[in-house]
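Undergrad: Input: one structure, supplied below.
The values are calculated or read from the model by the stated rules, or taken from the named source; none is laboratory data. Model, not experiment: these values are computed from the prediction. Heads up, the Cβs are rebuilt from the backbone with ideal geometry, glycines too, and the neighbour counts pull from every protein chain shown. Areas reflect the complete protein model, heavy atoms only, side chains present, ligands, DNA and RNA absent. Shrake-Rupley method; radii C 1.70, N 1.55, O 1.52, S 1.80 Å.
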Protein chains: 2
Amino acid sequence: MIKPSAPLGEFDLIQRYFQKANTNENVLLGIGDDCAILSCNAKNSGEDLAISTDMLVEGRHFLPGANPRWLGHKCLAVNLSDLAAMGAKPVAFTLAISIPTINPEWLSEFSAGLLALADEHQCALIGGDTTAGPLTVSITVFGRVNHSQALKRSNAQAGDDIWVSNTVGDARLALGVIRQEWSLDQHKMSLVETRMHRPTPRVELGQQLLGLAHAAVDVSDGLLGDLAHILELSNLQAEIEIDSVPASDTLQQQSLELRRLCTLMGGDDYELCFTAPNQNRTAIEHLSKEMNLRLTRIGKVNPKITGEGILRLIDSDGHELPAELSQQYLKSFDHFK
Amino acid sequence: MIKPSAPLGEFDLIQRYFQKANTNENVLLGIGDDCAILSCNAKNSGEDLAISTDMLVEGRHFLPGANPRWLGHKCLAVNLSDLAAMGAKPVAFTLAISIPTINPEWLSEFSAGLLALADEHQCALIGGDTTAGPLTVSITVFGRVNHSQALKRSNAQAGDDIWVSNTVGDARLALGVIRQEWSLDQHKMSLVETRMHRPTPRVELGQQLLGLAHAAVDVSDGLLGDLAHILELSNLQAEIEIDSVPASDTLQQQSLELRRLCTLMGGDDYELCFTAPNQNRTAIEHLSKEMNLRLTRIGKVNPKITGEGILRLIDSDGHELPAELSQQYLKSFDHFK
């Protein structure tokens, strides 16, 4: 809060910081009316509308005083990540924001971070609501996807390989430093911190996986916990080679225990975890090279056997972890716990 | 807060209080995946998707300790009202909610109020986000409307009549009592208070006006201020017979000054103000009878004359109010002022 609040009203605020030329042909009417209007016709026949919404609260999802440009980026990134996990192509989004006071510098940084990522994905800001109150950001995002191809959580099949994109766990590693659970030197911290503050939604990957993968989820609350949603909705179980879960060099250098905690339970990475039939292995490895994006097989989906746990965790020696420990790792982040 | 928080997690919370069978044929995938999916095809050809979003913050849009059932109703009502102002037919909505603690009694009342109104309009809850934080509710609503027929703010024409549905000002009258600006006996207060707490979105009226009206807006921030948005976007001006603006019996009994303040500046009524060509007068009067809903002509849209104010306010003697006073009445509610 460097400057005092400017005497701007709600409408000025929208116009000054958020109203831009629309950047998507599907937008028939943008900011400024009672509703926005998205085209639901013609050119997009066969495609349906995927919708996701998220709410980020100061002190819960981000620290008070968080860099507003990064925050703007992250608020949209987590929503684009949900589209990615469905294989949908971004079209537009709405923004509802509650802010304590009108701080021009903060708003201009926030909107710069938000709109830069929006432009990158041709995702138009089509409407919103601004109000005074505790800092809270709620975004609803829209994308196009053919309903029958979408990477639904319920679509996994027994026999599928389980894959994860890039590396996971860095966001959790950074969070632990901030929480003083462990420490890292400054250089390493700056590497992993970026992953927490400026996640990359895997939008392109999601679309490329249509036809190759069966089911996908984005890793927001923890790899195993998020994967469990796929298994529950598909009525399956899985085994995971936990030490083959890809970690960054920085995380790889930490103790086995810390590495496992961060890769298996860490949220906020926004990588994709997906299941695909094993005959698509070569095609997926090819995609990985083409996209220059690491895609790693970490396990296998199995038929459900009543009485068994949903996940069997296997270490690098081929031994199964005790059920209690597996249970521990399965716990994903819950906003009320 | 009658009972202590139950040990419920985020997923239990969604399942227990918000997950219901979908109630709209356009919903291809509802709660439980990374995204919901709305159909964009076939049966609805020619129709596009109207989208609106709102955020309601405790202490700003509703009082701490507000009746949760009424609050659930109102949060959705204000969004349905935006669809109504476009002439769109409700399809679905998403809910993002931040709550300080999980209070089962509060949640069950809130969801009852919310879902009762949703059912009434066959508007399916298709997704959302729940988090811990200051009480804040953000809803995004989806409706179907033909883009070329939609009651856009920019569509008003010179010569149009200006109409308003039912009566306006009761919500402001009630708010003034709560704020101790004036007083009312208990019976009268209970009448007007209901209008503030449980507004009726004019969803059916909006759809019936397609083809009859040019432009519409819902009265959320004040009749004149909201009408001004139509005039600005249509590049027109208007004259309003201010004492013909319809008021309830209770409001009609108040002083002329108070009546004008409430009807002209009062927000939160969620009636529709619309403009329509004068050859449609009979048809609109007929619609009013058919729907058993008062529709009153309150003025006329005129071509814009440079240098003149956007609104001329005429009293019951045919005299124009001084420009300064008109300016006063034009001020609508701004969340940052």
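Undergrad: Of A:Gly159, A:Met189, A:Thr200, whose Cα points farthest to the positive end of the dipole of the stretch A:154-211 (charges on the beta-carbon: +1 Lys, Arg; -1 Asp, Glu; origin at the Cα centre)?
TA: So the residue furthest toward the plus end is A:Met189.
Undergrad: Determine the shape class of the stretch B:153-329: with a ≥ b ≥ c the square roots of the Cα gyration tensor eigenvalues, call it rounded for a/c under 1.5, and otherwise prolate if a/b is greater than b/c, oblate otherwise.
TA: Working: a/c = 1.91, a/b = 1.26, b/c = 1.52.
Oblate.
Undergrad: How do B:Lys20, A:Lys304 stack up against each other in accessible area, from largest to smallest, with a 1.4 angstrom probe? Intermediate results must be reported in sequence, preceding the final value.
TA: Numbers: B:Lys20 90, A:Lys304 110 Å².
From most exposed to least exposed: A:Lys304, B:Lys20.
Undergrad: Express the accessible area of the stretch A:11-146 per residue in Å², computed with a 1.4 Å probe while the remaining protein chains stay in the model.
TA: Computed with neighbouring chains in place, this is 31 Å² per residue.
Undergrad: On the protein heavy atoms, probe 1.4 angstrom, tell me the percent of accessible surface of the stretch A:41-146 carried by carbon and sulfur. All intermediate terms of the calculation are to be shown ahead of the outcome.
TA: Details: 1470 of 2810 Å².
On the stretch A:41-146, the fraction of accessible area on carbon and sulfur atoms equals 52 percent.
Undergrad: Only four residue types carry charge here, +1 at the Cβ of Lys and Arg and -1 at the Cβ of Asp and Glu. Report the dipole size of the protein assembly as shown about the Cα centre in Debye, rounded to the nearest 20.
TA: Working: 56 positive and 84 negative charges, 53 e Å.
Dipole about the Cα centre, nearest 20: 260 debye.
Undergrad: Using protein chains only (no ligands, no nucleic acids) and a 1.4 Å probe, work out which residues of the stretch B:16-35 have their accessible area cut by at least 10 Å² relative to the chain alone.
TA: In the stretch B:16-35, residues shielded by partner chains: B:Leu28, B:Leu29, B:Gly32, B:Asp33, B:Asp34, B:Cys35.
Undergrad: Right, here's the next one. Taking the Cα centre as origin and putting +1 on Lys and Arg beta-carbons and -1 on Asp and Glu beta-carbons, what dipole magnitude results for chain A, to the nearest 20 debye?
TA: Details: 28 positive and 42 negative charges, 51 e Å.
Result for chain A is approximately 240 debye, rounded to the nearest 20.
Undergrad: Which of the listed residues, B:Asn103, B:Ala88, B:Leu135, is farthest toward the dipole's positive end in the stretch B:11-146, when Lys, Arg count +1 and Asp, Glu count -1 at the beta-carbon?
TA: Farthest towards the positive pole: B:Ala88.
Undergrad: Given a cut-off of 37 Å, what percent of all Cα-Cα pairs of the protein assembly as shown lie beyond it?
TA: In whole percent, the share of Cα-Cα pairs in the protein assembly as shown beyond 37 Å is 39.
Undergrad: Summarise the accessible area of the stretch B:182-337 (1.4 Å probe, protein heavy atoms) by the percent that is carbon and sulfur.
TA: Working: 3470 of 7480 Å².
The C+S portion of the solvent-accessible surface of the stretch B:182-337 is 46 percent.
Undergrad: Can you list the HN-Hα couplings for the stretch A:89-98, worked out from phi with the Karplus curve (6.51, -1.76, 1.60; θ = phi - 60°), rounded to whole Hz and with x for Gly and Pro?
TA: 9, x, 10, 6, 8, 10, 10, 10, 9, 10
Undergrad: Could you state the number of Å between the C-alpha centres of the stretch A:62-114 and the stretch B:85-124?
TA: The stretch B:85-124 and the stretch A:62-114 have Cα centres separated by 24 Å.
Undergrad: Could you work out the helix-only [θ] at 222 nm for the protein assembly as shown, with each DSSP H run of four or more residues adding -39,500 (n - 2.57) and the total divided by the number of residues, to the nearest 500 deg cm²/dmol?
TA: Working: 22 runs with 210 residues, N = 674.
The per-residue figure over the protein assembly as shown is -9000 deg cm²/dmol.
Undergrad: Further, regarding this structure: Ignoring ligands, DNA and RNA and using a 1.4 Å probe, state the total buried accessible area between B and A in Å², rounded to the nearest 100.
TA: Working: alone 16320 and 16300 Å², together 27260 Å².
Counting protein atoms only, the buried area is about 5400 Å².
Undergrad: Can you list the residues in the stretch A:139-156 whose accessible area drops by at least 10 Å² when all protein chains are present, compared with the chain alone? Use a 1.4 Å probe, heavy atoms only.
TA: Buried-area filter returns A:Thr140, A:Phe142, A:His147, A:Lys152, A:Arg153.
Undergrad: OK, next. How large is the charge dipole for the stretch B:11-146, taken about the Cα centre, if only the Cβ atoms of Lys, Arg (+1) and Asp, Glu (-1) carry charge, to the nearest 20 debye?
TA: Details: 8 positive and 14 negative charges, 41 e Å.
In debye, rounded to 20, the stretch B:11-146 gives about 200.
Undergrad: Which one, A:Cys35, A:Ser220, A:Ala50, is farthest towards the positive end of the dipole of chain A when Lys and Arg carry +1 and Asp and Glu -1 on their Cβ?
TA: A:Cys35
Undergrad: What residues have an amide H closer than 5 Å to that of A:Asp268, excluding those fewer than 5 places away on the same chain, when H is modeled at 1.01 Å from N in the peptide plane?
TA: Here A:Ser220, A:Asp221, A:Gly222 satisfy the definition.
Undergrad: Looking at chain A, identify the longest residue range that excludes and avoids all GluC sites (Glu not before Pro) in DSSP loops having at most 13 other Cβ atoms within 10 Å.
TA: Working: sites that count: A:Glu25, A:Glu181, A:Glu308.
Answer - A:26-180.
Undergrad: Of A:Lys74/A:Lys188; A:Lys20/A:Lys74; A:Lys152/B:Lys20; B:Lys20/B:Lys152; A:Lys300/A:Lys331, which ones are farther than 23 Å apart at the Cα?
TA: Beyond 23 Å: B:Lys20/B:Lys152.
Undergrad: Counting only heavy atoms of the protein chains, get the accessible area per residue of the stretch A:153-329 (1.4 Å probe) and round it to a whole Å² value. Each step should come with its number before you reach the end.
TA: On the way: 7870 Å² over 177 residues.
That works out to 44 Å² per residue.
Undergrad: Convert each backbone phi in the stretch A:242-257 into a coupling constant with the Karplus relation 6.51 cos²θ - 1.76 cosθ + 1.60 (shift: θ = phi - 60°), then list the ³J(HN,Hα) values in order as whole Hz, x for Gly and Pro.
TA: 5, 7, 9, 5, x, 10, 5, 4, 4, 6, 4, 7, 7, 4, 4, 4
Undergrad: Ok, one more. Considering amide H positions built from the backbone, and no H for Pro or chain starts, which residues 5 or more places from B:His214, or on another chain, come under 5 Å of its amide H?
TA: Hits under the 5 Å cutoff: B:Thr275, B:Ala276.
Undergrad: To check you understand DSSP bridge types, tell me what percent of the beta bridges within chain B (both residues inside) are antiparallel, rounded to 5.
TA: Of all bridge pairs located within chain B, approximately 75 percent are antiparallel.
Undergrad: Right, next: Put simply, what bits of the stretch A:54-72 lose 40 Å² or more of accessible area when the other protein chains are there, versus the chain on its own (1.4 Å probe)?
TA: Buried by the other chains: A:Met55, A:Val57.
Undergrad: Once you've got the GNM for chain A with C-alpha springs shorter than 10 Å, pick whichever of A:Asp161, A:Asp129, A:Asp82 has the biggest mean-square fluctuation.
TA: A:Asp129
Undergrad: OK, next. Residues with amide H under 5 Å of B:Asp160's amide H, sequence separation 5 or more or different chain, H placed in the peptide plane at 1.01 Å from N; which?
TA: B:Val301
Undergrad: Where the centre of each part is set by its Cα atoms, how far does the stretch A:182-197 sit from the stretch A:275-322, in angstrom?
TA: 28 Å
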